Amino acid sequence: MGVLTYTDEQTSPVAPARIFKASILDSHILMPKLLPDAIKSIQLIKGDGGAGSIKQINFDGGFATHQIDEVDEKTFTYKYTLIEGNGISDKIEKVSYDIKFEGSPDGGSISKMTTTIYTHGDFEIKEEELKAGKEKVLGLYKVVEAYLLENPDAYV
């Protein structure tokens, strides 16, 4: 098995508590509302949304199943593992994400995400595929950020 790990960091003018609640805790409500053409629904298959829960995201043309490994509302930390569906194949066993939102000096936030991809055998992921995946995730956060900036009373 191969393992590839990379870390990304993004800044936002939105406070960590607001972006964490909107993009993580209420993602099942907000994401289908903000991205109805891409995300059809998000549902809990098992659990209450805490560690050990299983969440399924239904896309137009597929799905992704996540196992929630950790949710910490005090430290704005969220860890989950993509275990089934889009993104998993005979070459990729699983993908783990470790996301943390921290306060920035200007009152906004810094999001740090570490992604670990576990591949079968000696399969290597091309740089273009990594870049495309990073851009999709960044796009989701930018949509949530834009919503929060346009709706300053939401998720306060």
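The values are calculated or read from the model by the stated rules, or taken from the named source; none is laboratory data. As the structure is a computational prediction, the values presented were derived from the model and not from experiment. Quick reminder, even Gly has a Cβ in these numbers, built from the backbone with ideal geometry, and neighbours come from all protein chains shown. Side chains are part of the model used for accessible areas, which takes the heavy atoms of the whole protein and leaves out ligands, DNA and RNA. Shrake-Rupley method; radii C 1.70, N 1.55, O 1.52, S 1.80 Å.
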Note to self: Output wanted: per-residue J couplings in Hz (rounded whole) for segment 97-111, from phi through Karplus 6.51 cos²θ - 1.76 cosθ + 1.60, θ = phi - 60°, x for Gly and Pro.
What the structure shows: 10, 10, 10, 9, 9, 10, x, 10, x, 8, x, x, 9, 10, 9
Notebook entry, point to check: Looking at the square roots a ≥ b ≥ c of the eigenvalues of the Cα gyration tensor of segment 1-75, which shape do they give, rounded for a/c under 1.5, prolate if a/b is larger than b/c, or oblate?
Noted result: rounded
Margin query: Taking all protein chains in place and a 1.4 Å probe, what share, in percent, of the accessible surface of segment 1-127 do carbon and sulfur account for?
Written below: 50
Item checked: Value of [θ]222 nm, deg cm²/dmol, for the chain, DSSP H segments ≥ 4, -39500 (n - 2.57) each, nearest 500 -> -7500 deg cm²/dmol
Item checked: Size of the chain as Cα extents on the principal axes (Å, biggest first) -> 48, 32, 28
Note to self: Give me the 1.4 Å probe accessible area per residue for segment 86-156, excluding ligands and nucleic acids, in Å².
What the structure shows: 60
Next item on the list: Please work out the Cα center distance from segment 53-108 to segment 109-156, rounded to the nearest Å.
Entry: 10
Notebook entry, point to check: Using the alpha carbon gyration tensor of segment 92-155, what are the three equivalent-ellipsoid semi-axes (square root of 5 times each eigenvalue), largest first, in whole Å?
Noted result: 30, 13, 10
Next item on the list: Read phi for every residue in segment 142-156 and hand back ³J(HN,Hα) as whole Hz from Karplus 6.51 cos²θ - 1.76 cosθ + 1.60, θ = phi - 60°, with x for Gly and Pro.
Entry: 5, 5, 5, 4, 4, 4, 5, 5, 6, 10, x, 8, 7, 6, 9
Margin query: I need the peptides 10-22, 48-60 ranked by packing, meaning the mean over residues of other C-beta atoms within 10 angstrom, with the highest value on top.
Written below: 10-22, 48-60
Next item on the list: Give the calculated FRET efficiency between Leu4 and Val156 to the nearest 0.05, with a Förster radius of 25 Å applied to their Cβ-Cβ distance.
Entry: 0.10
Check: For Gly47, what is the net charge nearby, where nearby means another residue's Cβ is under 14 Å from its Cβ and Lys, Arg count +1, Asp, Glu -1?
Finding: -1
Item checked: Environment charge of Ala132, counting only residues whose C-beta is closer than 14 Å and scoring Lys/Arg +1, Asp/Glu -1 -> -1
Margin query: If I model a spin label as a point 7 Å beyond the Cα along the Cα-Cβ vector, how far apart are those points for Val137 and Ala17 in nm?
Written below: 2.6
Next item on the list: Any chance you could run the full-extension gain for Asp48 through Asp26? It's 0.36 nm times the residue separation minus the Cα-Cα distance, nm to one decimal.
Entry: 6.7 nm
Next item on the list: Hey, can you grab everything whose amide H is under 5 Å from the amide H of Ser104? Only 5+ residues off in sequence or another chain; H modelled, so Pro and N-termini drop out.
Entry: Ser109, Ile110
